[in-house]
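The values are calculated or read from the model by the stated rules, or taken from the named source; none is laboratory data. Small disclaimer: the values here were computed from a predicted structure and weren't measured. Here the Cβ is made from the backbone with ideal geometry for all residues, glycine too, and neighbour counts use every protein chain on show.
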Amino acid sequence: MSQPEKIIELTRSVYEVANDKIRAIKEITGTTRILSLNALIEATRAGEAGRGFAVVANEVKRVSDGIIGITQSLEGELSSSIRDLMALGESLVRQLRGGRLVDLSLNMIEIIDRNLYERSCDVRWWATDSAVVDCLSNRTPESASYTSDRLGIILNSYTVYLDLWVADADGTVIASGRPGRYPNAIGSKVNHEQWFIDAMATGSGAEYSVADISVNHALGGASVATYGAAIREGGQESGQPIGALGIFFDWHPQADTVVKGLRLGAEEHDSTRALLLDQNFRVIASSDGKGVLTEVFPLKTNGAERGSYSDDHGHVVGFAVTPGYETYKGLGWYGVVIQRVEDIVK
């Protein structure tokens, strides 16, 4: 049992013990009243000889009636007080648990934000690399080959990426960091992909593009977070776009580490589901591995950036929207943690 719910369980236990004792007192006083009544009957039959005994029997009945009155008063007051205590305790526990789930949700989305902030920096920096710029300026097989080698060296140091692509202004990929692993990359067309369209439309080298989490078939069907930046004439921030660099963040293992890395108590693991949602509440990462890129989670934010609530199944849901990190404003994503409280309190 988790510690917050233990308060409620202890209160419920005290209530049950008190009720058991009250029932026992009622049974005893009931028996005592019957005995006193029988004693009065026998005393009446005995006439004068039973008069003294009748006085005692009446006194016993009076005491029993007094005990019954006290017991009924205690039962009423105790029930009312414990109901109020349990209601207060349940409210406090919901606030504690909800607040904790909000903190966990915020922590998840902050980790992702910091990670993706670095991706937005990488793509703008590498788009100015002399080899990348030369690849599009000279357009020779040698420069394309050299650029692929250069991108491969970068990938050896940045293991979070699946591949890096250089596409010309028409959207044809002419260089790739891993042509051996992904042979379908070079020569493919990306002119219809949003990351390329947005990158080519940027106003300066300080800007970048980003696409929703998606499956990239040229990269073996892997889920990727794609960032793009225009490659500009002379590698200058104000130069005209002559193509675009696309970098493909290996989404699944990185996101999986985040949603499965929550600090939970031993009793919480099997009753907790952690999610990352995109701006449309589509599941883009899930601690149980279910619904990724297919499920739309019915998150109820009521316009709040963070908060918690109990859903129709009695589960507690905590959420937090991306706060962004430094120059990275975030994509409107949410961290969400859901707990089946009834399993935790058993």
**Criterion (at pLDDT 75 or above and among the β-branched types (Val, Ile, Thr)) met by exactly one of 34, 7** = 34
**Message:** Being of a type in the set (Gly, Ala, Ser) and either modelled with pLDDT of 95 or more or assigned to a helix (DSSP H, G or I) (or both) is the filter here; which residues of the stretch 223-238 pass it?
**Reply:** 223, 225, 228, 229, 230, 234, 235
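Conditions tested, residue by residue: (1) assigned by TED's automatic domain parsing to the domain that holds residue 226; (2) among the aliphatic types (A, V, I, L, M); (3) touching a strand residue (DSSP E or B) at 6+ places or on another chain (Cβ under 8 Å).
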site	(1), (2), (3)
286	no, no, yes
291	no, no, yes
296	no, yes, yes
319	no, no, yes
322	no, no, yes
329	no, no, no
333	no, no, yes
**Message:** Can you find, within the stretch 154-211, the residue that is surrounded by the fewest Cβ atoms within 10 Å (Cβ to Cβ) among those that are in contact with a helix residue (DSSP H, G or I) (Cβ under 9 Å, 6 or more places away or on another chain) and part of a helix (DSSP H, G or I)?
**Reply:** 154
**Message:** I'd like the full set of residues that are of a type in the set (S, T, N, Q) and either more than 16 Å from the chain's Cα centre (by Cα) or crowded, with 18+ Cβ neighbours inside 10 Å (or both), limited to the stretch 289-346.
**Reply:** 294, 302, 308, 322, 327, 339
**Item:** Residues within the stretch 120-136 that are in contact with a helix residue (DSSP H, G or I) (Cβ under 8 Å, 6 or more places away or on another chain) and part of a helix (DSSP H, G or I), tallied
**Value:** 7
**Message:** Anything in the stretch 258-312 that is hydrophobic (A, V, I, L, M, F, W, C) and either outside any strand (DSSP E or B) or at pLDDT below 95 (or both)? List them, or say none.
**Reply:** 258, 259, 262, 264, 266, 281, 292, 293, 297, 299, 304
**Fill in**
Among (1) closer than 13 Å to residue 231 by Cα; (2) in contact with a Leu (Cβ under 8 Å, 6 or more places away or on another chain), residue 182 falls short only on (1)
